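Structure first, commentary second.
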Amino acid sequence: MRIPLRQYRDLLLRYLAPHRAAVAVLGVLLLGSIGMQLASPQVVRTFIDTATGASGAAGGLAGDPQRLTGIAVLFIALAVGQQVLSVAATYVGERLGWSATNALRADVALHCLRLDLSFHKARTPGELIERIDGDVTALANFFSQFVVEVLGNLLLLLGVLVVLWQVDWRAGLAFTVFAAVVLAAMNAVRGVTVPHWRASRQAVAELFGFLEERLGGTEDIRSSGAPAYVMQRLYAYTRERIRTGRKARLMGAVNEAVNIVAFFAGNGLAFVVTAWLYRQGALTLGTAYLIYGYTWLLFRPLRKIAQQVEDFQKASAGIVRIQELMDTRSVLDEVQEDARAIVPPGPLSVAFEGVAFGYGDDEMVVRDLTFSLAPGEVLGLLGRTGSGKTTITRLLFRLYDPAAGAIRLGGVDLRDARRSEVRRRIGMVTQDVQLFRATVRDNVTFFDDSIDDERIRRALEELGLAGWCAALPQGLDTMLAAGGGGLSAGEAQLLAFTRVFLKDPGLVILDEASSRLDPATERLTERAVGRLLVGRSGIIIAHRLATVQQADTIMVMEDGGIVELGAREALAADPASRFAGLLRTGLEVVLA
């Protein structure tokens, strides 16, 4: 797959435009370095002609030690100055490259976060990490060294050809044709390795995804006696990475072959042209060296460009994969930022009107689902695994859109409101609490600096965590381990409740939030749940009787439909109701 050069240009302009000053400084450094490189052979020619007394040397000064010393000092000064400028250009270029790639990395990460769950279910976190970081990192050289090496050396190449034309038009013509042929050959092989590097990057992403999943499930793998199987799969992924990487590097050897051919051809051409012109008496010895020196100088940018071609092709593969990712669109209808519908404040009503939904091409998980929840009402949602309970919460968060019907929150169709507004007005706690390696403050506020410490402390006190927080060595500044290491299951759940409390939503969803807690710990969270539901609507998905006792209404689901819906007290008092049967037999046993 060949990528239009316009796409490279647009990418550079988009991410380098905010750094115009650095680009300007880089341009000045490059021009200064190029000028010194072009001047150095001229100084050497003057030195040789002066030392040999060739025509053109200053009269009476041929071989003058003082003049030769001055020329030598000038040459050394140019060499040192060129190196200083080269180092400075590389430094500025690297900073420029990383600034640009950091911006691109942020854009790609934000795009992935906005994609729906169907996208994330089809890809492992490890694969996305490699694509967001690995592919973008491969472009760092494109933004920095590509500018320094390729564009800078193209300018140097042009400068060398201009000087050669000034020295002798025949030498200028010969080396202009030579440079054109070499550049044409490089351009011809530019797209040869792109698909192979693309396959190599994909193999790396799949390997990272495999490692991320298996390392995360180490305990289960060991307890199931599956280390041998995991290692076998690891060998398979590693073999694929080696195979694709080896093929990509092998195809990249074409560029090296062009480089070697250009080297020998350039040297041969330099010997032939300078020998012929010298025998014709058209050149002095110093000028003959000048042409040969410029040949080496000409070969340097060609060699550097050839070396960058491989990185350029890696960047091409990265650009293709990044573009594919950025072109991925959510299966949900995009909510325009000018959406006018506003979710009202306070406790929210919920209404499902003939809702049907299925994941992908599978059969419908919920069918003709119709029910409503009044503002401030708490709904207890019961049903076996796979009955559609969690699907309801995902539809409410608009992680998916229904295939049929409508969902209204506070009387507003979810598709008419901004997605960010919908999710701001709904709070959810699941059985899997995600805690980050960050302070207690950042974990409960989700890194929102606008929430002050006093408000956080009040929330912790309301939910029964004030004593726990006071006992921490650094209070709110205490670092928590990723995944909640060092915390009990109850403490982790209460921190999740605190997040929702600080968010102050109009609807709270508890999705089996206490399913992993022992009865004693669950009793400690009952008060927190009760406080959390005060002044808010709620949906409680539960396997435990204690939690569902706080519900006003009970809805029992089976096979994606509603089999019972009514007031909790009325259903409990009706011996013929399913809810009463669950109470008699034990909810945990029946729903297991």
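Which residues, taken from the range 440-452, are in a helix (DSSP H, G or I) and either of a type outside the set (A, V, I, L, M) or surrounded by fewer than 16 Cβ atoms within 10 Å (Cβ to Cβ) (or both)?
ARG441, ASP442, ASN443, THR445
Which of the strands (runs of 3 or more DSSP E) found entirely inside the range 533-572 contain at least 3 residues meeting this: under 44 Å from the mean Cα position of the chain (by Cα) and in contact (Cβ under 8 Å) with a residue 12 or more places away in the chain?
Once the strands (runs of 3 or more DSSP E) in the range 533-572 are filtered for at least 3 residues that are under 44 Å from the mean Cα position of the chain (by Cα) and in contact (Cβ under 8 Å) with a residue 12 or more places away in the chain, what remains is 537-541, 553-558.
Show the residue pairs meeting these rules: Cβ distance below 6 Å; 6+ apart or different chains; first residue within the range 216-241 and assigned by TED's automatic domain parsing to the domain that holds ALA199 and surrounded by 14 or more Cβ atoms within 10 Å (Cβ to Cβ); second residue part of a helix (DSSP H, G or I) and among the basic types (Lys, Arg).
What qualifies is VAL230/ARG214.
Working carefully through the options ARG424, ARG455, ARG437, find the one that is at pLDDT 85 or above, within 25 Å of the chain's Cα centre (by Cα), exposed (fewer than 15 other Cβ atoms within 10 Å of the Cβ) and not aliphatic (A, V, I, L, M).
Of the residues listed, the single one that is at pLDDT 85 or above, within 25 Å of the chain's Cα centre (by Cα), exposed (fewer than 15 other Cβ atoms within 10 Å of the Cβ) and not aliphatic (A, V, I, L, M) is ARG424.
Would you please list the contacts, defined by Cβ atoms under 9 Å and residues six or more apart or on different chains, that run from a residue in the range 460-474 that is on the phi > 0 side of the Ramachandran plot to a residue that is not aromatic (Phe, Trp, Tyr)?
What qualifies is GLY464/LEU494; GLY464/LEU524; GLY464/THR525; GLY464/ARG527; GLY464/ALA528; GLY464/ARG531.
Taking into account only those residues within the range 458-471 that are in a loop (DSSP other than H, G, I, E, B) and farther than 24 Å from ARG423 by Cβ, which is modelled with the highest pLDDT?
ALA471
Here are some conditions: (1) closer than 29 Å to ARG531 by Cβ; (2) in contact with a Ser or Thr (Cβ under 6 Å, 6 or more places away or on another chain). GLY427 meets all but one. Which one does it not meet?
Failing condition for GLY427: (2).
Is it the case that some residue within the range 191-205 is charged (D, E, K, R) and farther than 18 Å from ALA138 by Cα?
So far as the range 191-205 goes, no, none of its residues is charged (D, E, K, R) and farther than 18 Å from ALA138 by Cα.
If you scan the range 289-305, which residues turn out to be crowded, with 20+ Cβ neighbours inside 10 Å and over 24 Å from ALA185 (Cα atoms)?
The one that is crowded, with 20+ Cβ neighbours inside 10 Å and over 24 Å from ALA185 (Cα atoms): LEU290.
Is it true that some residue in the range 128-136 is touching a Lys or Arg at 6+ places or on another chain (Cβ under 7 Å), acidic (Asp, Glu), part of a helix (DSSP H, G or I) and closer than 16 Å to VAL23 by Cβ?
no
Tell me the residue from THR445, THR430, THR498, THR478 that is at pLDDT below 85 and of a type in the set (Ser, Thr, Tyr), please.
Sole residue among the options that is at pLDDT below 85 and of a type in the set (Ser, Thr, Tyr): THR430.
Within the range 33-53, restricting attention to residues that are of a type in the set (Gly, Ala, Ser) and farther than 20 Å from PRO65 by Cα, which residue is surrounded by the most Cβ atoms within 10 Å (Cβ to Cβ)?
Once the filter is applied, the top-ranked residue is SER33.
If I filter the range 533-546 down to residues being within 16 Å of THR430 (Cα to Cα) and either small (Gly, Ala, Ser) or surrounded by fewer than 24 Cβ atoms within 10 Å (Cβ to Cβ) (or both), which single residue comes out as modelled with the lowest pLDDT?
Among them, the one singled out is ARG544.
Among what's in the range 419-437 and is assigned to a loop (DSSP other than H, G, I, E, B), in contact with a strand residue (DSSP E or B) (Cβ under 8 Å, 6 or more places away or on another chain) and of a type outside the set (A, V, I, L, M), pick the residue that is nearest to PHE497 (Cα to Cα).
Checking each candidate, the answer is GLN431.
Listed residues LEU155, LEU151, LEU161; which is more than 16 Å from the chain's Cα centre (by Cα), modelled with pLDDT of 80 or more, of a type outside the set (Gly, Ala, Ser) and assigned to a helix (DSSP H, G or I)?
Sole residue among the options that is more than 16 Å from the chain's Cα centre (by Cα), modelled with pLDDT of 80 or more, of a type outside the set (Gly, Ala, Ser) and assigned to a helix (DSSP H, G or I): LEU161.
The values are calculated or read from the model by the stated rules, or taken from the named source; none is laboratory data. What you see is a predicted model, and the numbers here were worked out from it, not measured in a lab. Using ideal geometry, Cβ is built from the backbone for each residue, glycine included, and neighbour counts are taken over all protein chains shown.
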